[in-house]
There are 2 protein chains.
Amino acid sequence: MLEPYLSGVWKDMFTEGEKTGPRGAFPHGHRPWFHPQDFSRKDVRPETEADNYLIMKEKHLDKYNVGAAILTGDEPIEASTLANPYYASALVSAYNDYQIAEWLPKDSRFMGSIIIAPQDPKLAAAEIRRLGNHPRMVQVLASQGSVKPYGDPFYHPIFEACAEVGLPFAIHLGGHGGINWNAVAPAPTTFFWETHAILHMSALSHVASMIAHGVFEKWPDLYFVIIECGVAWVPSVLWRLDADYKALRKETPWLKMLPSEYCRRNIRFSTQPLEQPANVQHLWSTLEAMDGENTLMFASDYPHWDYDDANTLHIPPAWKSKIMGLNALEVYKRIPRTQAANAA
Amino acid sequence: MLEPYLSGVWKDMFTEGEKTGPRGAFPHGHRPWFHPQDFSRKDVRPETEADNYLIMKEKHLDKYNVGAAILTGDEPIEASTLANPYYASALVSAYNDYQIAEWLPKDSRFMGSIIIAPQDPKLAAAEIRRLGNHPRMVQVLASQGSVKPYGDPFYHPIFEACAEVGLPFAIHLGGHGGINWNAVAPAPTTFFWETHAILHMSALSHVASMIAHGVFEKWPDLYFVIIECGVAWVPSVLWRLDADYKALRKETPWLKMLPSEYCRRNIRFSTQPLEQPANVQHLWSTLEAMDGENTLMFASDYPHWDYDDANTLHIPPAWKSKIMGLNALEVYKRIPRTQAANAA
């Protein structure tokens with residue numbers, strides 16, 4: 001309807017770009033940035049749900065010989081953006097049941113995520129306990145966007161429940177709208193590409209906060225998994241955290257190790273989107289500085305526009321078996337060792 | 001008065017820590033985090049202003065054979081936090097006059113900064129034009145904290161004035177309170193050390209924003225200098241910016257180079273606080289990835305707690321003459337070449 005009145009790049013963005021219309025099946029407060037080319041790969045346009053699985057099987061699972069694939073949903077983590085926590089909790093609960101009923105049976109390689117609405121930690125903890133013993137639900141998942149950094153005591157009921165059922169707590173890029181309006185500091189940037197490049201910045205706060213509040217002293221076996229926030233920023237943040245902690249540790253007397261030591265023990269990072277410098281040695285030095293051999297886990301981001309292909313991932317060849325599977329088996333203990341291949 | 005009622009670390013922090021009381025001579029909206037040990041070096045406690053200079057001369061300027069030292073003030077950049085832009089602009093104007101009248105004459109090595117209150121870009125531009133031709137005022141300076149990312153057209157009158165008088169636009173860590181309340185995403189972290197380690201995150205947005213809005217196409221000779229925000233985060237952000245720009249450049253058709261190319265040409269970083277990894281090779285690889293030999297300029301942060309000493313800075317020895325002075329002479333053209341030593 002508007003198309004005849006638009007021209008040039010604006011017309012292109014309106015035609016090609018992400019829309020909040022009929023596709024947005026999962027209610028959420030939308031972020032203020034629109035993807036100018038839409039999120040999905042142009043070669044992945046399923047017409048039906050059955051089709052959705054068959055395309056994924058062909059273009060991803062079979063093609064790359066995936067042994068186990070952890071489903072993270074797409075829009076459900078956006079429940080964290082809704083003002084009404086009861087509605088948000090009901091929505092993720094429904095999504096989790098749908099996932100168990102309709103997706104896990106499709107393929108024995110599929111593992112599930114218990115999606116939570118973290119804005120009500122008690123309801124989130126109840127959801128974790130409700131499904132936490134399902135043998136194929138392997139992680140608890142929330143959005144990176146949140147109303148507070150995740151180490152805050154406000155969220156501790158969530159970690160208590162995770163520890164109780166023995167599941168890692170994972171966050172995934174997303175939830176940057178609605179009640180989680182503060183996605184970047186000091187205020188919203190303007191363009192999608194500009195914003196996407198720095199949209200991982202809340203993850204810096206979550207790492208700092210989870211460590212500083214002593215979450216890993218209270219729950220030493222808890223894994224915190226950061227998905228789709230990139231990885232090359234990690235060493236620089238750890239260097240700063242260690243230096244500042246050494247100077248001012250009296251603020252947090254409950255800590256017993258350096259921030260980088262907690263990170264090494266309790267935090268894991270998914271690879272996607274793996275940064276691509278002109279000189280791969282610069283990336284590898286960065287990955288070495290975060291002990292990437294032991295802290296990285298492959299993720300594909302299928303079926304999104306910036307999908308990482310398992311065969312061409314630029315990681316040191318000697319680390320491949322760990323990053324493509326063995327590290328994930330340490331974190332996701334419910335995945336059978338016989339399925340010891342890629343987790344995506 | 002409260003001391004008898006406090007114990008342990010709380011008493012220590014109350015006694016030793018930063019206070020908003022009589023010391024806070026420059027009015028500002030204070031950030032919500034208090035430094036638990038106060039900001040100043042314990043061996044730098046001047047009783048008078050004359051004393052302040054003499055201690056600096058002894059412990060910094062003479063000790064490290066400083067050739068030129070750019071003054072950045074301390075609290076004046078906090079004017080950016082004030083709700084009243086007229087008052088804020090009057091305060092920085094008064095500070096600039098005081099700087100010229102009372103500090104520049106003290107020592108021929110001193111160079112000045114034109115402090116601005118960026119929340120009113122037109123008044124800021126007027127201040128830049130008022131003092132922009134003073135031979136010893138060598139940069140325009142604002143706080144990292146701001147109401148928007150600095151590339152926003154709202155701020156362009158400031159860059160127009162900088163270009164007109166031929167001065168770089170610099171930002172310095174600070175201004176994280178008052179109207180600039182959104183210092184970290186997604187919401188305030190809790191402790192000072194935890195926050196200090198990630199407080200540079202607005203600089204990521206400023207880099208992205210200045211490039212994406214085409215500030216360096218409009219003013220190709222403008223230098224943007226980032227002070228006291230650390231440096232090791234730069235490559236990871238440039239890798240992300242380049243990748244996202246390549247995929248979605250149609251959003252910003254006015255750009256003609258990669259984000260990393262604009263950064264290399266127009267953005268400079270002060271070293272302090274230089275990150276300190278366990279393995280210095282990891283830092284040096286990171287610095288190499290940002291062409292640190294040509295993009296870094298030494299800063300000391302004298303007289304603050306995390307002061308970097310010019311003699312023990314962990315930079316590759318071959319880069320020393322550039323980082324300790326020559327790079328600054330490219331950016332600060334008013335500093336006489338005969339003073340070609342350290343800029344602090």
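The values are calculated or read from the model by the stated rules, or taken from the named source; none is laboratory data. The structure displayed is predicted, hence computed values, not measured ones. Cβ placement follows ideal geometry from the backbone for every residue including glycine, while neighbour counts extend to all protein chains displayed. Protein only, heavy atoms only, side chains kept; ligands, DNA and RNA dropped before computing areas. Shrake-Rupley method; radii C 1.70, N 1.55, O 1.52, S 1.80 Å.
Odds and ends about this structure:
- Surface per residue (accessible, 1.4 Å probe) for the protein assembly as shown, Å²: 38 Å²
- Check: the range A:264-343 dipole with +1 on Lys, Arg Cβ and -1 on Asp, Glu Cβ, in debye: 520 debye
- Each residue, B:LYS256 and B:SER108, gets one label point 7 Å from its Cα in the Cβ direction; the gap between the two is 4.2 nm.
- Rounded to the nearest 20, the Cβ-based charge dipole of the range A:43-331 about its Cα centre (Lys and Arg +1, Asp and Glu -1) stands at 840 debye.
- Computed over all pairs of different Cα atoms, the Kirkwood value for the hydrodynamic radius of the protein assembly as shown is 26.3 Å.
- HN-Hα J in Hz across the range B:108-117 - Karplus 6.51, -1.76, 1.60, θ = phi - 60°, x for Gly and Pro: 5, 7, 6, 10, x, 10, 7, 6, 10, 9
- In terms of accessible area, using a 1.4 Å probe and ignoring ligands and nucleic acids, B:ARG136, A:ARG240, B:ARG264, A:ARG337 rank largest first as A:ARG337, B:ARG264, B:ARG136, A:ARG240.
- Shielding by partners - mean other protein chain Cβ count within 10 Å, residues of B:270-279: 4
- Neighbouring partner chain Cβ atoms per residue of A:227-234, average, 10 Å criterion: 3
- Across the range A:1-158, Cα-Cα distances exceeding 23 Å account for 49% of all pairs.
- Listed residue (A:SER285, A:LEU82, A:ALA50) projecting farthest to the positive dipole end of chain A, Cβ model: A:SER285
- Förster radius 41 Å - calculated FRET efficiency between A:ALA247 and B:PHE26 (Cβ-Cβ, nearest 0.05): 0.95
- Using the Cβ of B:ALA299 as centre and a radius below 10 Å, the other residues enclosed give a net charge of -3, where K and R count +1 and D and E count -1.
- For A:HIS172, distant residues with modelled amide H under 5 Å away: A:ALA142, A:SER143, A:GLN144, A:ILE227
- Cβ-placed point charges (K, R +1; D, E -1), dipole of the protein assembly as shown about Cα centre in debye, nearest 20: 420 debye
- Charge tally around B:LYS57: other residues with Cβ under 14 Å, Lys/Arg +1 each, Asp/Glu -1 each, net -1.
- Cα-Cα over 20 Å, subset of A:LYS250/B:LYS42; B:LYS218/B:LYS250; A:LYS57/A:LYS106; A:LYS106/A:LYS322: A:LYS106/A:LYS322
- Between the residues B:ALA203, B:LEU258, B:GLY230, the greatest Cα displacement towards the positive end of the dipole of the range B:43-331, with unit charges on the Cβ of Lys, Arg, Asp and Glu, is found for B:LEU258.
- In the protein assembly as shown, the DSSP beta bridges split such that about 5 percent are antiparallel, to the nearest 5.
- For chain A, the mean residue ellipticity at 222 nm estimated from helices alone is -9500 deg cm²/dmol, where every DSSP H run of n ≥ 4 contributes -39500 (n - 2.57) and the total is divided by all residues, rounded to the nearest 500.
- Share of alpha-carbon pairs per 20 Å distance bin for chain A, given as whole %: 30, 61, 9, 0
- Largest accessible area first, the listed residues B:LYS320, A:LYS246 line up as A:LYS246, B:LYS320 when surface is computed with a 1.4 Å probe on the assembled protein chains.
- Across the copies of the chain, A:GLU58 has label points (7 Å from Cα along Cα→Cβ) spaced 8.1 nm apart, shortest distance listed first.
- Taking label positions 7 Å along the Cα-Cβ direction at both A:ASP51 and A:ASP74, the computed distance is 1.2 nm, reported to one decimal.
- Residue-wise HN-Hα coupling along the range B:3-15, computed from phi with Karplus coefficients 6.51, -1.76, 1.60 (Hz; x: Gly, Pro): 3, x, 9, 10, 9, x, 5, 5, 5, 4, 5, 5, 6
- Tail fraction, Cα-Cα pairs, the range B:192-243, threshold 18 Å, whole percent: 38 percent
- Span from the the range B:294-325 Cα centroid across to the the range A:51-125 one, whole angstrom: 49 Å
- Whether the range A:117-164 is rounded, prolate or oblate, judged on the alpha carbon gyration tensor where a/c under 1.5 counts as rounded: prolate
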